Amino acid sequence: MTMAPLPWHDAPWQQLWCSRTTARLPHALLLHGPAGVGKREFAERLTWALLCQRPTHEGDACGECRGCRLCRAGSHPDTLRVTPEAPGKPIKVDQVRALSAFLDRTTEFGGAKVVRLEEAERMNINAANSLLKTLEEPTPGSLLLLTSTHPTRLPATVRSRCQQLAFQRPDTARALPWLTAR
């Protein structure tokens, strides 16, 4: 991992890891909540864990296997990160089409394929409509992670096809020790 897990992520992490160990991980997750609560870090942690060849008992990436080394280098062939091309700009339909084409390809290592769609609320309407086909007909073994600070700006059709995981601001009792240690 690039950083230690955030303590206020423990409950959602355990929920998702339980889903994975029972082969019930959804094909699409919408991670939403206020800015600064670590949605992006959570998505990265989950991506690494799914692409790790030897995850720990707690479900985290081992940090040493080939998959982890490739994730650390930012060059794992079975993961893709999609963001707006520039700050304040929308995510365009061509970016979503490339995302869908990526998911349609065979995995390089025979495991999971993970796409992180950050700032998902920034998709323009054509991009959101294009994403619907991928959400309705998911590629087996793939996970689409959408992160959003404003999920209500996403079309209801997109939100309804994702399992939602809400992140809240941490309470003082959890945040203060973490902040003090840093």
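The values are calculated or read from the model by the stated rules, or taken from the named source; none is laboratory data. What you see is a predicted model; the values in this text were computed from it and never measured. Glycine also receives a Cβ, built like all others from the backbone with ideal geometry; neighbour counts cover every protein chain displayed. Remember, those area values only see protein heavy atoms, side chains included, never the ligands or the DNA or RNA. Shrake-Rupley method; radii C 1.70, N 1.55, O 1.52, S 1.80 Å.
Classify segment 1-91 as rounded, prolate or oblate, taking a ≥ b ≥ c as the square roots of the eigenvalues of its Cα gyration tensor: rounded when a/c is under 1.5, otherwise prolate if a/b is larger than b/c and oblate if not. Here segment 1-91 falls in the oblate category. Considering the zone a paramagnetic label at Thr21 would reach in this model (a point 7 Å from Cα along the Cα-to-Cβ line), which residues of segment 47-85 have amide N under 18 Å from it? Those under the cut-off are 47, 49-62. As a length-normalised measure over Cα pairs under 8 Å and 6 or more apart, the relative contact order of segment 94-182 settles at 32 percent. Accessible-area rank, largest first, for Asp10, Asp60: Asp10, Asp60, with all protein chains present and a 1.4 angstrom probe.
The value of relative contact order for segment 26-168, using C-alpha pairs under 8 Å at least six residues apart, is 37 percent.
Each of Asn126, Pro177, Pro5 was scored by the projection of its Cα onto the charge dipole of the chain, and the greatest displacement toward the positive side belongs to Asn126; charges sit on the C-beta of Lys, Arg, Asp and Glu.
In this Cβ point-charge picture (+1 for Lys and Arg, -1 for Asp and Glu), the chain has a dipole of about 140 debye about its Cα centre.
If you take all other residues with their beta carbon under 14 Å from the beta carbon of Arg105, and give Lys and Arg +1 and Asp and Glu -1, the sum is -1.
Bridgeable aspartates and glutamates around Lys89 (alpha carbons under 16 Å apart, same-chain partners fewer than 8 residues away excluded): Glu118, Glu119, Glu121. Ranking Thr22, His57, Thr107 by how far each Cα lies toward the positive end of the dipole of segment 4-124 (charges on Cβ) leaves Thr107 at the top. Full extension of the chain between Ala11 and Arg105 yields a length gain of 30.5 nm, computed as 0.36 nm times the residue separation minus the alpha carbon distance. Across q = 0.10, 0.12, 0.15 Å⁻¹, the chain modelled as identical point scatterers on its alpha-carbon atoms has Debye log10 I(q)/I(0) values of -0.38, -0.56, -0.89, in the order of the q list.
Sorting Arg116, Arg24, Arg54 on solvent-accessible area from highest to lowest, probe radius 1.4 Å, gives Arg24, Arg54, Arg116. Plainly put, segment 96-182 has a radius of gyration that is 1.09 times its Kirkwood radius, both from alpha-carbon atoms, as the Rg/Rh ratio.
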